[in-house]
Structure formats: structure tokens, C-alpha cells
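The values are calculated or read from the model by the stated rules, or taken from the named source; none is laboratory data. This structure is a prediction, so every number in the text was calculated from the model and none was measured. Note that we place each Cβ from the backbone using ideal geometry, even for glycine, and neighbour counts take in every protein chain shown. When the accessible area is computed, the model is the full protein with side chains, heavy atoms only, and any ligands, DNA or RNA have been set aside. Shrake-Rupley method; radii C 1.70, N 1.55, O 1.52, S 1.80 Å.
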Amino acid sequence: MFFTRHSSLFLSLVLVALLTLLSGCPAEKNSDTQAGAAYRKDVLRVGVSATAPPLIFKTNGKITGLEADLAEKLAAYLDKKLEFVEVEWSRQLDYLNEGKTDIIMSGMTITKERQYLVDFTTPYLRSGQIMLIRLEDKFTFPNGITDVMNTNYRIGTVKDTTGDFFVTEAIARANEVTFRTSKEAVEALINHKIDVMIYDAPMVCYYAAIYQSEKLMPVLQMGTEEYLGWAVRKNDTELREKANLFLQTITDNGVLKKEISNWIPYL
């Protein structure tokens, strides 16, 4: 009894001490790319929303596209390891300003509203809002976006994108249907759940190309003129300037033009 009682007391004390020690230990940090790893000087954390082909998307689980290729080249130029951080599109600016990413390279349009929150690099691609339609409707929408002004056509957009903002602000009484991803919007167009889709020109042309069998076509008259760039935090002048030097270098040596032609030959 004496040995058992003291043994039980000893074990109890050990358990208390162990629990106290564990409760004081910090939790292991999540290094998942969807959470955003802690800052490291030798790593370039690139925020992406991989739902916008051909700029940034996934193939067999791997992030690819024009932005992915440029991100790899930028990381090499900066002599850093590349890390993609997958972020919901609506959270991209938050993740950047909270220090969870270093730069956004995800087909982001430079707008005045966004420039209040972040700084942008020199634009690397001219774009604009155009329409994707069914081939059978080509005579209904010969002039592009102007053909859906003041009508009740169902206009598909991707939520919180420039196309969404454009339709809300520029098209009176728009019958807008928003989708979480561009692929969902395209599928809705194919299935006659919407009449047109308004989205960035590179993505519209891409979808028209890969969905030829579904008889989709772009209407190339642009409703807007826009430019795509990479976003950095307001106080990160060093990264912005280095990224601009990188862009100037690949513009001068023809690499940027080659990459754009590779991913968006129809532009």
C-alpha cells in the first residue's frame, strides 16, 4: 500500500508537470500554402487564385499559367525560392497587407480603388472586358457589350472581379448572375442558364478556344481598356522597384512577349 500510494502520487505529479509544460509550448505553425507561411528573406511568397486560365490555374494539381511562369522567373531573378500561396480572390489584398504574401501575381487589374490599398508594378499586359457568347447568338450580339445595355439578358460575371464591378456600374438595370469561378460561369453559358459572360479578354479568348466543341465564341469589341500588374504592399518599395526592373529586363530581351504569345497566342 505504501509503495502503491506513493507511486500514484508520483505519477500524478509527473502528469501535472507534463500538462503544464505542454500548455506553455507554442502551437506548431501551419506551413500549408493556403495559410501563408511566415516571412523568410530567401522566399518569395506569391499570392494566387488559381481559377483564371490561361493566366493562373491548376493542371493535375500543379499551379501553372502565364503568371506561374513569370513568378518562377521573378523568383530566380531575385535569387529566392518560390512559394505559391493559394488565396480566395476576395481575400488577396487582405493576405498581402497582413503579411501573409509578398506579392500578388494572379491576373489582377490595376484600378484606382485597389491603388488606395496597395502599390502596383508597371503593367505587363493590356486587357479589357469582352463577352463570351454561344455561336448561335452571334447575330444577337454583333457589337459586344453595347448590345446588352438596357436589356434583360442574363449576364454572367465572376464575383468581385473587374467584370463584376463593370457590369454593376456601367450597365443600367443589368440582370447580373455572379459565379464563384470563371469555369462555373462558362458552364452556365453552355447550359443556357445565362445569355452572355463578361470577363477579362485573355480568359474569354482562352475559354472560347478550349470550348470550341461547345460552340462558344468571343466578341472582341472591348467594353473597357485595362492593364494587369502585380500588387505589393504600400511600404514595400524595394520589391516593387526590383519587380519593375525585372519586367523591364524581360521586355527588352523579348522574354515577356514570348511568354504572352505562348499562353495567349490569340492576343
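With the cut-off at 22 Å, tell me which of the pairs LYS234/LYS257; LYS234/LYS258; LYS183/LYS215 have Cα atoms farther apart than that. Could the numbers behind the result be given before it?
Numbers: LYS234/LYS257 28 Å; LYS234/LYS258 30 Å; LYS183/LYS215 16 Å.
Result: LYS234/LYS257; LYS234/LYS258 exceed 22 Å.
Please report the orientation-averaged projected area of the chain, defined via the convex hull of its C-alpha atoms, in nm².
Projected over every direction and averaged, the Cα hull of the chain covers 20.8 nm².
Go through 181-192, 197-208 and give me the packing order, highest mean Cβ count within 10 Å leading.
Details: 181-192: 17.8, 197-208: 25.6.
Put in order of decreasing packing, that is 197-208, 181-192.
Which distance in Å, rounded to a whole number, links the C-alpha centroids of the range 149-192 and the range 201-266?
22
Which FRET efficiency value, to the nearest 0.05, do you get for GLU241 and ALA170 by plugging their Cβ-Cβ distance into 1/(1 + (r/R0)^6) with R0 = 45 Å? Mind showing how you got there, number by number?
Numbers: r = 35 Å, r/R0 = 0.77.
Here the calculated transfer efficiency is 0.85.
Which value, in Å³ per residue, describes the convex hull spanned by the Cα atoms of the range 100-231? Please report the intermediate quantities before stating the final value.
Numbers: hull volume 14.4 nm³, N = 132.
Here the figure is 109 Å³ per residue.
Please work out the FRET efficiency for the pair VAL255 and LYS234, using the Cβ-Cβ distance as r and a Förster radius of 35 Å; give the result to the nearest 0.05.
With R0 = 35 Å, the Cβ-Cβ based efficiency is 0.75.
Share of the range 86-245's accessible area from carbon and sulfur, percent, 1.4 Å?
Details: 3600 of 7530 Å².
Answer for the range 86-245: carbon and sulfur cover 48 percent of the accessible area.
For the range 136-148, what does the Karplus curve 6.51 cos²θ - 1.76 cosθ + 1.60, with θ = phi - 60°, yield as ³J(HN,Hα) per residue in whole Hz, taken in order and with x for Gly and Pro?
5, 9, 4, 7, 7, 10, x, 9, x, 4, 4, 6, 9
Using 0.36 nm times the number of residues separating ASN97 and ARG126, minus their current alpha carbon distance, what extension gain do you get? It would help to have the intermediate numbers written out before the result.
Values: separation 29, 0.36 × 29 = 10.44 nm, distance 2.56 nm.
Extra length available between ASN97 and ARG126 comes to 7.9 nm.
Could you give the nm distance between label points at LYS112 and GLU88, where each point is 7 Å from its Cα heading toward the beta carbon?
Each label point is offset 7 Å from its Cα along the Cβ direction, giving 2.9 nm.
For the chain, what is the accessible area per residue in Å² when the probe is 1.4 Å?
Values: 14590 Å² over 267 residues.
With the other protein chains kept in place, the chain gives 55 Å² per residue.
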